Amino acid sequence: MSLRQRMLLFFSVVVVVGIGMVAWLVSLRTRAVFEQVDQQRSNALVAQFRGQFARESSDIAQTLQYISSSERIQRIAYEATHGGDTSLYVSDAGSLAQEFHIDVLDIVTSDGTIVSSASWPARFGYHEQIPTISAGTASLHRQEVQDGYILSVAAVQQVSSGEGSIYLVGGRKVDASFLQAFSVPAGSYVWLYRFNQPQYTNEDLLGENPVALDVLRPVLDSARAQQESSGILQLSSEKFDRVTVQAIPLKDDSGEVAAALLVGTSRAPLLQLQKHIRTIAFGIAGFGILISIGATLWIAAAFSRPIEKLAEASQQVALGEWNAQVEVNSSDELGQLAESFNAMTQQLVEQRGKLVQAERVAAWRELARRLAHELKNPLFPLQITVENLVRAQHLPPEEFNEIFQESTATLLAELANLKAIIGRFSDFSKMPKPQLQATSLNELVTRVANLHAPQLKNSPKPISIQLALRDDLPNLELDPELIHRVISNLVLNAVDAMPEGGTISIQTSTDSDSAKLVVSDSGTGLTKEECERLFTPYYTTKQHGTGLGLAIVQSVISDHHGSIMVQSEPRRGTSFVITLPRTQPGSAVSEG
Amino acid sequence: MRSVFRLFAVTSLSLSLAVAGWGRTRPHYGGTLRIETQRQTFDQSSPAYPLVAETLTGVDDEGNAVPKLALRWESQSGDRRWQFWLRPGVKWHDGTALDAAEVAKLFAGRTGVPWRTVREVGDVLIFESDVPMPQLATRLALPDYAITRVGENGLLQGTGPMKVTYWLPKSQIKLGVFENYWGPRTFLDSVEVSLGRGLRDQLLDIGIGRADLVQVPAEILRRSQSDPVRISSAENTELVAIRFDSRVQDERIRQGIAASIDRSTLLNFIFQKQGSVAGALLPQWLTGYASLFPVQQRLQQARELRDIFNSVAPMTIGYPAGDGALQLAAERIALNARDAGFNVQPVPLNGTRTDMTITRANLPSQVPFVALVELADRFDIDLGKTDGDPESLYRAENEIVKSAQVIPLLYLPRSYATRDRVQGVRVRQDGTAPLENAFVEDRK
């Protein structure tokens, strides 16, 4: 990642995180305030419900008192308590309830026998438990009727007649009209759920706002378990149709939870405000990112671009373009840095020229030294032989002839030696161009191994050759003679490196682009310096030798567009790694 | 002398009172009789209907067929062929003569009748069937077989002593004297029938003198005794029964429901002890064998029948909308059934099919065979083979009750409340109240 990208990223992150933090804090605080307001609204609605319930209770208790003093009830009380016929009054509860505008009215004898029932007229003669509700008060009361249960705000009134008494159980149904008396502010909801059945049904849910029962289930479950609870409920698929609902369990006269008051407050305003805050935050963040980009571009123009140019120039130098230069546009620290860089590359170019020159001189010197050394060896016998001939001219002819014969033989031998030396140098200078043909590298390796193995195995210090050749190695475009020479050279070098015997390993391998040949020995190894100079012409670590062997090897490999490298450590042997392309540039040889 | 004077005085007073009394009960011509009814249609259930529509025959108090539009009749081929001689000179309310061919056509177009064909030969109507048609002459006295048609003015036409003069659908119908009636003129000049009046309104109206005659259901009869009206009743002439729908196929379920019902409570509380519990379709006074049918609640038996089944699908019992007593009875029956383990829900009849229906049915005739045949028709039950003798009637009725296709519950009285000014209305044993001799004392 470039410096400019990092700067852009940094500035963007700083802007986004900063704005995000502010937006989050504002949102958090807003939510807290809203929740506080919601709670106040809920409390007000709950208080309103309790007030409504208290008024309803008082009204019911008073109504029952009126009914109990009516002549009809007095008559029924008299008949019921004096063993009279109560069949005449089967329908009276219904008509009385209608007359006094109540929904529930049961006329019950002291033993619980229903004389007349308004809510379930057919139930006369059956028994019911008289609710234990204190006189003058009312309570939620759940009563079984023909098609289920009804929940009412009910009171009980005792009607005495002589020594006996009957009871009136009356009340008003807790139904939709009960909630209609509520003054519910906009954005607030009130539901009342009646636990009339084990399962949840829509019929038992009261409230003007439609809501799916499954949505309310969690809070209803809590309320049913006599726990107040609250939750945030999604009323519909509309994103903002969410409500904070508080569920308050309501117990009936038997102490069981008969209903749950659900007070809800819409979260739409809060969600809309939060969305608004988010929108603003996103806007500011987007704007901030744009500013960051601008600032980054400006800073890049001022700082990072010169640095990038310096980096590019450095990369060029690393790739060998030592004369890379950087444009100097300022006089500040970056300008000075650029100038220093330019000066440095200038010096590098100059030093390189000098180095090349020095290397050339050194090479010529080395060549002269080698040539002198090589030539000096045969010249000395030549000189001795010639001097012997000069001294032998005074000897008798028979001795002279013998010496002459010996001297001429020596002269011819040494001259031949000189010729051979000159021939080797000539060969190096005139390395032939490779004649490429599809060749099996494995075959070449095998041939070389077979050539040398018997001799090495039978030597006083035996050397073994181990081959690890990749079977699927394809044919390569090679000059078989030159590569054979390369491998032989490396094998002979390895033999020289193991005067005490050892093992020569030859491996071949391949990948998608190239083939690899590794020739390793278990000899004395090379130092780091020796490795560095190993391929220099005329350099040798051996007592005899021209120092051209590895130079020729490198030259041949180079002519095959390959590479050679050496890996070695003292006393751990040496490995020569040759990499050859699977196909030579500009030609197409089918793999076989 | 004093004794003579005293005798004269007493005699004079007695005569005066007798004359005055005779004067009070002597029929008067003229006046309007005001009838109110809950029904919204003017049909056979209205006491005024026979004033408009007549039948071929009538039935006297002993249950014998008597001539009306037919002067005489004759049964042939073992009751497979009946001939009725039409009364001559009878006219429709539009003045046209009653034609035997037209009457034959009217009868031939009817369904659910015992005869296969009806044809006329001169003034003789000939009813024929492949099977015997016992007591056809008595059956034809039923108001269902009244001879009526719809006139060009859209009003109901008959041959009775009164004709329809005004008709406001579902509201009111007025009858006036038909001058060309073949029989004697009615004492009344007119009859006004208010349709669709609520029971409460009817009782109120008759209480304050705005109505002269209303039918009083049994459930309020006890309370109405104290009202300033005259109540006339015919005991045990209205059957309350449950009819099962054909989809409740398993007899044991029907029997279970039947055994669970507490008829006494229905009678004593809902119908205020008016009438009697019924185990048979026909009342005891008519057949003499009705007491052989069980009427007690048999809850244990009901539970055992219920427990035969792993589960019984919830059932519905329909009741006529607006009939509070039957609604309450249906609810009580549902409660009884629940005690036995059945789930029965009462629902008002509004065209939807229900598993069972609670209904009232007037005793059609005071002739047992005719009454049973007509009730069987009414409940759509196959009566089986019966020739009208008491034993075969019992067997037929026993089959129906045993299979619980119909559960007879109660027999209630048919009662009429009349104002004091109305005279000449006599409720017959079969519950009808003919008005042909009715008159009002003061002309309004």
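The values are calculated or read from the model by the stated rules, or taken from the named source; none is laboratory data. Worth saying up front: this structure is predicted, and the values here are computed from it rather than measured. Glycine also receives a Cβ, built like all others from the backbone with ideal geometry; neighbour counts cover every protein chain displayed. All accessible areas refer to the heavy atoms of the entire protein, side chains included, with ligands and DNA or RNA removed. Shrake-Rupley method; radii C 1.70, N 1.55, O 1.52, S 1.80 Å.
Which residues, taken from region B:211-230, are within 14 Å of chain A (Cβ to nearest Cβ) and either open to solvent by less than 60 Å² (accessible area, probe 1.4 Å) or among the small types (Gly, Ala, Ser) (or both)?
Hits for region B:211-230 are B:PRO217, B:ALA218, B:GLU219, B:ILE220, B:LEU221, B:SER224, B:SER226.
Inside region B:186-248, counting only strands (runs of 3 or more DSSP E) that do not spill past its ends, which hold 1 or more residues that are under 17 Å from the mean Cα position of the chain (by Cα) and under 20 Å from B:LEU349 (Cα atoms)?
So the answer is B:230-244.
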Please find, among A:SER459, A:SER505, A:SER512, A:SER488, the residue that is buried (at least 16 other Cβ atoms within 10 Å of the Cβ) and out of contact with any helix residue (DSSP H, G or I) (no Cβ under 7 Å at 6 or more places or on another chain).
A:SER505
Restricting attention to region B:297-318, report how many residues are open to solvent by 20 Å² or more (accessible area, probe 1.4 Å) and over 16 Å from B:LYS402 (Cβ atoms).
15
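A quick yes/no check of all residues on (1) in contact with a Leu (Cβ under 8 Å, 6 or more places away or on another chain); (2) crowded, with 18+ Cβ neighbours inside 10 Å:
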{"site": "B:VAL124", "(1), (2)": "yes, no"}
{"site": "B:LEU136", "(1), (2)": "no, yes"}
{"site": "B:ILE147", "(1), (2)": "yes, yes"}
{"site": "B:LEU156", "(1), (2)": "no, yes"}
{"site": "B:LYS163", "(1), (2)": "yes, yes"}
{"site": "B:TYR166", "(1), (2)": "no, no"}
When the residues of region A:97-106 are narrowed to those that are open to solvent by 40 Å² or more (accessible area, probe 1.4 Å) and acidic (Asp, Glu), which ends up nearest to the other protein chains (Cβ to nearest Cβ)?
A:GLU99
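How many residues, within region A:295-330, are part of a loop (DSSP other than H, G, I, E, B) and either more than 16 Å from A:THR345 (Cβ to Cβ) or open to solvent by less than 90 Å² (accessible area, probe 1.4 Å) (or both)?
From region A:295-330, those part of a loop (DSSP other than H, G, I, E, B) are A:319-330; that's our starting set.
Then keep just the ones that are either more than 16 Å from A:THR345 (Cβ to Cβ) or open to solvent by less than 90 Å² (accessible area, probe 1.4 Å) (or both); that gives A:320, A:322, A:324, A:326, A:328-330.
Residues flagged as part of a loop (DSSP other than H, G, I, E, B) and either more than 16 Å from A:THR345 (Cβ to Cβ) or open to solvent by less than 90 Å² (accessible area, probe 1.4 Å) (or both) within region A:295-330 amount to 7.
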Just to verify a result, which residue in region B:56-78, among those that are crowded, with 19+ Cβ neighbours inside 10 Å and not small (Gly, Ala, Ser), is farthest from the chain's Cα centre (by Cα)?
B:TRP73
If we keep just the residues of region B:264-292 that are open to solvent by 10 Å² or more (accessible area, probe 1.4 Å) and of a type in the set (Phe, Trp, Tyr), which is farthest from the other protein chains (Cβ to nearest Cβ)?
B:TYR289
What residue, among those in region B:79-98 that are in a loop (DSSP other than H, G, I, E, B) and in contact (Cβ under 8 Å) with a residue 60 or more places away in the chain, is most open to solvent (accessible area, probe 1.4 Å)?
B:ASP94
Scanning region A:146-167 for residues that are within 60 Å of the chain's Cα centre (by Cα) and not hydroxyl-bearing (Ser, Thr, Tyr), the one surrounded by the most Cβ atoms within 10 Å (Cβ to Cβ) turns out to be A:LEU151
Among the candidates A:THR113, A:THR109, residue that is open to solvent by less than 40 Å² (accessible area, probe 1.4 Å), of a type in the set (S, T, N, Q) and within 14 Å of chain B (Cβ to nearest Cβ):
A:THR113
Looking at region B:329-346, which of the residues that are open to solvent by 20 Å² or more (accessible area, probe 1.4 Å) and out of contact with any strand residue (DSSP E or B) (no Cβ under 9 Å at 6 or more places or on another chain) is farthest from the other protein chains (Cβ to nearest Cβ)?
B:GLY341
Looking at region B:351-369, is at least one residue open to solvent by 60 Å² or more (accessible area, probe 1.4 Å), touching a residue at least 12 places away in the same chain (Cβ under 8 Å) and not β-branched (Val, Ile, Thr)?
yes
Can we say A:VAL245 is over 17 Å from A:PHE178 (Cα atoms) and either touching a residue at least 40 places away in the same chain (Cβ under 8 Å) or assigned to a strand (DSSP E or B) (or both)?
yes
For residues that are open to solvent by 60 Å² or more (accessible area, probe 1.4 Å), away from chain B (no Cβ under 14 Å) and in contact (Cβ under 8 Å) with a residue 12 or more places away in the chain, tally how many sit in region A:60-96.
5
Scan region B:319-327 and give yes if some residue there is within 21 Å of B:ILE220 (Cα to Cα), at the interface with chain A (Cβ under 10 Å from one of its Cβ atoms) and open to solvent by 20 Å² or more (accessible area, probe 1.4 Å), otherwise no.
yes
Being outside any helix (DSSP H, G or I) and in contact with a Phe, Trp or Tyr (Cβ under 9 Å, 6 or more places away or on another chain) is the filter; apply it to region B:100-118 and report the residue that is farthest from B:GLN76 (Cα to Cα).
B:ARG110
Looking at A:ALA449, A:ALA438 in this structure, which one is crowded, with 17+ Cβ neighbours inside 10 Å and in contact with a Leu (Cβ under 8 Å, 6 or more places away or on another chain)?
A:ALA449
Any pair with Cβ under 7 angstrom, 6 or more apart, that starts in region A:350-363 at a residue that is under 15 Å from A:GLU321 (Cβ atoms) and ends at one that is not hydroxyl-bearing (Ser, Thr, Tyr) and not in a helix (DSSP H, G or I)
A:ARG352/A:TRP322
Only one of A:GLU529, A:GLU500 is of a type in the set (Asp, Glu), at pLDDT below 85, on the phi < 0 side of the Ramachandran plot and open to solvent by 50 Å² or more (accessible area, probe 1.4 Å); which?
A:GLU529
Applying the selection to region A:396-410, what residues are in contact (Cβ under 8 Å) with a residue 12 or more places away in the chain and either outside any helix (DSSP H, G or I) or open to solvent by less than 80 Å² (accessible area, probe 1.4 Å) (or both)?
A:ILE403, A:SER407, A:THR410
Residues that are within 14 Å of chain B (Cβ to nearest Cβ) and in contact with a Leu (Cβ under 7 Å, 6 or more places away or on another chain), drawn from region A:120-150
A:PRO121, A:ALA122, A:ARG123
Scan region B:35-55 for residues that are within 27 Å of B:ALA100 (Cβ to Cβ), within 14 Å of the chain's Cα centre (by Cα) and of a type in the set (S, T, N, Q) and jot them down.
B:GLN44
